[in-house]
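The structure under discussion appears below in the form of structure tokens.
The values are calculated or read from the model by the stated rules, or taken from the named source; none is laboratory data. Predicted model only: the values in this text are computed from it and were never measured. No Cβ is skipped: glycine too gets one built from the backbone with ideal geometry, and neighbour counts run over all protein chains shown. Surface accessibility is based on the protein's heavy atoms, side chains included, excluding ligands, DNA and RNA. Shrake-Rupley method; radii C 1.70, N 1.55, O 1.52, S 1.80 Å.
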Amino acid sequence: MNRRFRMAPIAAAAAAATLALAACGASTEASDGEDGAGSGFVHEDARGKTIELDGTPETVVAQASAAAALWDNGFEVDGVYGDLPEPPNYLTGNLDVAETKVLGKAWGEFNVEEYAAMNPDLLIDMTFDGKNLWYASEVEKQIDKLAPTLAMPLTGLSVTEQIEAFQTLAEDLGADPETDEAKAEFEDAVARIKAVVKKNPDLTVVAASTYGEEIYFANAPEHPDLAYLAELGVKFPEVTPDEQGIFEPVSLENISKYHADVLLIDARDPGGLDELKTKDIFKRLPAVAAGQQDLWYPAAPYSYQAYAEMFSGYAEQLEAAQVLEQS
């Protein structure tokens, strides 16, 4: 399949994002072939693995959020797998699934046979631990035999470093990202959040996920979006995470363990949130009773477009919030 690009105007093509490349430890470079006419692709990924190709990859498959981040930067993948909800939501951003080969629509789904038939040049996933692929870990040994795999960092970097790392990768894959407008919108949202913190420094935010009869309080430093909000001055409680360090799981009856002036609930499970809204214990929470409850968008695509929209929403919620009396 031929590579499809959405080309930016020539004037915008000069904007190269190289800062994040150094920050995340990944590197790409072009190398002349023996005749001096070809170019090579070299990239050290988040696992410390160096991916080397003789030329620019032509057929590229990516996990959904990685694909969406590349899509926003002008690079259209040929195949996609991962969370692909119907109807599409923030996890896939502007990704046009109809323009790609779908190899799996949920966790644990990956059609190795169809992947092999694509004759792929490169697969791009994310990694939590710097060792294993995030969504394709169960088939990693099989797909490694078919094409190189590249893991982008899911955590461990600032939001802007993550975003610019994907912008750089898109450029290395041959795209010309046009992100000036989205970056300006993101920076405007950041400025609004800083202004809220200055005006209302005691405002406390709690982010949580829900599953069944359990609540999972987010450990803010381990979630790039929350960590960046904290860097901007937003207050989060210090939770007691489990051994993985990402969340603190508690029973639903302990949902009020941490005081929240603003409560953000994981948007990935709409059904879980709908069920939670029927519970009296949830409705009695000060933030919910005051109308200061909104959605949290973890694992959003790392692009200025996605984060401009998301952080504008956070800014709007924080601007309207007040410090509440602790129960």
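Applying the selection to region 197-208, what residues are over 12 Å from VAL323 (Cα atoms) and touching a residue at least 40 places away in the same chain (Cβ under 8 Å)? Show your work before the answer.
First pass over region 197-208, keeping only residues over 12 Å from VAL323 (Cα atoms): 198, 206-208.
Listed by number, the residues that qualify are VAL206, ALA207, ALA208.
Taking the stated definitions as given, is ALA191 in contact (Cβ under 8 Å) with a residue 40 or more places away in the chain and either under 16 Å from ALA315 (Cβ atoms) or surrounded by fewer than 21 Cβ atoms within 10 Å (Cβ to Cβ) (or both)?
On the way: in contact (Cβ under 8 Å) with a residue 40 or more places away in the chain: no; either under 16 Å from ALA315 (Cβ atoms) or surrounded by fewer than 21 Cβ atoms within 10 Å (Cβ to Cβ) (or both): yes.
Against the criterion (in contact (Cβ under 8 Å) with a residue 40 or more places away in the chain and either under 16 Å from ALA315 (Cβ atoms) or surrounded by fewer than 21 Cβ atoms within 10 Å (Cβ to Cβ) (or both)), ALA191 does not qualify.
For region 140-147, check the following and say yes or no: at least one residue is surrounded by fewer than 21 Cβ atoms within 10 Å (Cβ to Cβ), polar (S, T, N, Q) and within 30 Å of ALA321 (Cα to Cα).
no
Could we say that ALA189 is in contact with a helix residue (DSSP H, G or I) (Cβ under 6 Å, 6 or more places away or on another chain) and within 30 Å of GLN326 (Cα to Cα) here?
On the way: in contact with a helix residue (DSSP H, G or I) (Cβ under 6 Å, 6 or more places away or on another chain): yes; within 30 Å of GLN326 (Cα to Cα): yes.
So ALA189 passes the test.
Among (1) touching a Lys or Arg at 6+ places or on another chain (Cβ under 9 Å); (2) surrounded by fewer than 22 Cβ atoms within 10 Å (Cβ to Cβ), there is one condition TRP134 misses while meeting the rest; what is its number?
The number of the failed condition is (1).
Taking only pairs six or more apart or across chains, which ones have beta-carbon atoms under 7 Å, a first residue in region 75-92 that is farther than 26 Å from ALA147 by Cβ, and a second residue that is open to solvent by 50 Å² or more (accessible area, probe 1.4 Å) and not β-branched (Val, Ile, Thr)?
Qualifying pairs under 7 Å: TYR90/TYR297.
Across region 255-281, what is the number of residues that are over 20 Å from LEU229 (Cα atoms), in a loop (DSSP other than H, G, I, E, B) and open to solvent by 80 Å² or more (accessible area, probe 1.4 Å)?
Residues that pass the stated criteria total 3.
Looking at ASP180, ASP202, ASP172, ASP176 in this structure, which one is more than 28 Å from LEU122 (Cβ to Cβ) and more than 16 Å from the chain's Cα centre (by Cα)?
Working: ASP180 fails: more than 28 Å from LEU122 (Cβ to Cβ); ASP172 fails: more than 28 Å from LEU122 (Cβ to Cβ); ASP176 fails: more than 28 Å from LEU122 (Cβ to Cβ).
Going through ASP180, ASP202, ASP172, ASP176 in turn, the sole match is ASP202.
Give me a count of the residues in region 155-178 that are open to solvent by less than 10 Å² (accessible area, probe 1.4 Å) and outside any helix (DSSP H, G or I).
So the count comes out to 3.
Which ones in region 303-327 are hydroxyl-bearing (Ser, Thr, Tyr) and either assigned to a helix (DSSP H, G or I) or open to solvent by 50 Å² or more (accessible area, probe 1.4 Å) (or both)? Before you say what the answer is, go through the steps one by one.
Looking only at region 303-327, we keep the residues that are hydroxyl-bearing (Ser, Thr, Tyr), and these are 303-304, 307, 312, 314, 327.
Those that are hydroxyl-bearing (Ser, Thr, Tyr) and either assigned to a helix (DSSP H, G or I) or open to solvent by 50 Å² or more (accessible area, probe 1.4 Å) (or both): TYR304, TYR307, SER312, TYR314, SER327.
Looking at region 219-254, which of the residues that are under 21 Å from GLY291 (Cβ atoms) and not in a helix (DSSP H, G or I) is least open to solvent (accessible area, probe 1.4 Å)?
VAL234
Scan region 98-131 for residues that are outside any loop (DSSP other than H, G, I, E, B), open to solvent by less than 50 Å² (accessible area, probe 1.4 Å) and not β-branched (Val, Ile, Thr) and jot them down.
The initial filter retains those residues of region 98-131 that are outside any loop (DSSP other than H, G, I, E, B), namely 98-99, 101-102, 112-117, 122-127.
From what's left, open to solvent by less than 50 Å² (accessible area, probe 1.4 Å): 102, 112, 115-116, 122-127.
Those that are outside any loop (DSSP other than H, G, I, E, B), open to solvent by less than 50 Å² (accessible area, probe 1.4 Å) and not β-branched (Val, Ile, Thr): TYR115, ALA116, LEU122, LEU123, ASP125, MET126.
Report yes if LEU146 is closer than 23 Å to GLY174 by Cα and assigned to a loop (DSSP other than H, G, I, E, B), otherwise no.
Numbers: closer than 23 Å to GLY174 by Cα: yes; assigned to a loop (DSSP other than H, G, I, E, B): yes.
Taking the combined requirement at face value, the residue satisfies it.
Name the residues in region 59-87 that are part of a loop (DSSP other than H, G, I, E, B) and crowded, with 16+ Cβ neighbours inside 10 Å, would you?
Step one: list which residues in region 59-87 are part of a loop (DSSP other than H, G, I, E, B), which gives 59, 73-74, 77-78, 82-87.
Passing the criteria: THR59, ASN73, GLY74, VAL77, ASP78, GLY82, ASP83, LEU84.
Those residues that are out of contact with any Gly (no Cβ under 9 Å at 6 or more places or on another chain), open to solvent by 60 Å² or more (accessible area, probe 1.4 Å) and not in a strand (DSSP E or B), I need them from region 196-218; list them, please.
Selection gives LYS199, ASP202, GLU213.
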